[in-house]
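To start, the structure itself, in structure tokens.
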Amino acid sequence: MATMDIHEQTLNEFEDKMKKSITVLESELRTVRAGRANPHVLDPITVPYYGVPTPLQQIANIQVPEAKMLMITPWDSSMLKEIERAVQASDLGINPINDGRCLRLVFPAMTEERRRDLTREVSKKGEEAKVSIRNIRREANDHFKALLRDKEISEDVSFSLGEEMQEITDSYIKKIDDEIERKTKEIMEI
């Protein structure tokens, strides 16, 4: 019975790696701009604060006053110009409006072409996550084969562990597909 616990623990370790892949995908998808303003699109932006690149969220308050607008209010008003430069240098494609107190980012309605580009980008991120999941599965199967080769487990146990790993892999691939479908729907929503 103790050996099954070890095998279960091994499966859990590989499943934890898969969970991390899903978490990375979710955080990447949060930064993809859909039709409305989303503060997470600013997540990748860093601003030099006393010479140290600092995430924008740590030096400013970010609000969504309207569906297609973000408002960035720095806690230190001297940082307004630096934040403005960082937003302009990002790949958001939005020019901030500086009123001397805060920055307003107005998100224009996306064109059909831009929506299609974003859905392609989302699909690409999904495929990368699937590759990551499959690599983890391969790593697990290689581990099981090594245990079999070293006579630490029987062929039956190796086979059943491989089947369990495939079931886990299938469930994570489905989660990725669901997440991609949800984000694609959100992007294509007018």
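The table that follows gives values for the structure above.
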| quantity | calculated |
| --- | --- |
| Straight-distance crosslink candidates among aspartates and glutamates, where the alpha carbon sits under 17 Å from LYS174 and sequence neighbours closer than 8 are dropped | GLU15, ASP16, GLU26, GLU127, GLU128, GLU163, GLU164 |
| Under 13 Å, Cβ to Cβ, from MET79 - net charge with Lys/Arg +1 and Asp/Glu -1 | 0 |
| Relative contact order of the chain, defined on C-alpha pairs under 8 angstrom at six or more residues apart (%) | 24 percent |
| Over the chain: helical MRE at 222 nm, DSSP H runs n ≥ 4 each giving -39500 (n - 2.57), nearest 500 | -21000 deg cm²/dmol |
| Extension reserve of the ASP5-ARG85 stretch, reckoned as 0.36 nm per residue once the Cα distance is removed | 23.4 nm |
| More than 29 angstrom apart: percent of Cα pairs within the chain | 44 percent |
| Cα gyration tensor category, rounded, prolate or oblate, for the range 92-157 with a/c compared to 1.5 | prolate |
| Using a Förster distance of 25 Å, the FRET efficiency for VAL157-ASN135 (Cβ separation, nearest 0.05) | 0.60 |
| Loop chymotrypsin sites (Phe, Trp or Tyr not before Pro), the range 1-109 (other Cβ atoms within 10 Å of the site Cβ: 11 or fewer; DSSP) | TYR50, TRP75 |
| Angstrom value of the Kirkwood radius, inverse mean 1/r, which spans all Cα pairs in the range 39-106 | 11.8 Å |
| Most fluctuating residue given options ALA67, ALA37, ALA140, as computed from a GNM of the chain linking Cα atoms under 10 Å | ALA67 |
| Nearby lysines by direct alpha-carbon distance to LYS68 (threshold 25 angstrom, same-chain neighbours under 8 apart not counted) | LYS81, LYS125, LYS183, LYS185 |
| Candidates VAL32, VAL64, VAL122, ranked by Gaussian network fluctuation over the chain, Cα under 10 Å, top entry | VAL64 |
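Every read-out reported here was derived from the displayed coordinates using simple, explicitly stated rules and does not represent laboratory data. Values in this document were obtained by computation on a predicted structure and should not be read as measured data. As a convention, Cβ positions derive from the backbone with ideal geometry for all residues, glycine included, and neighbour counts pool all protein chains shown.
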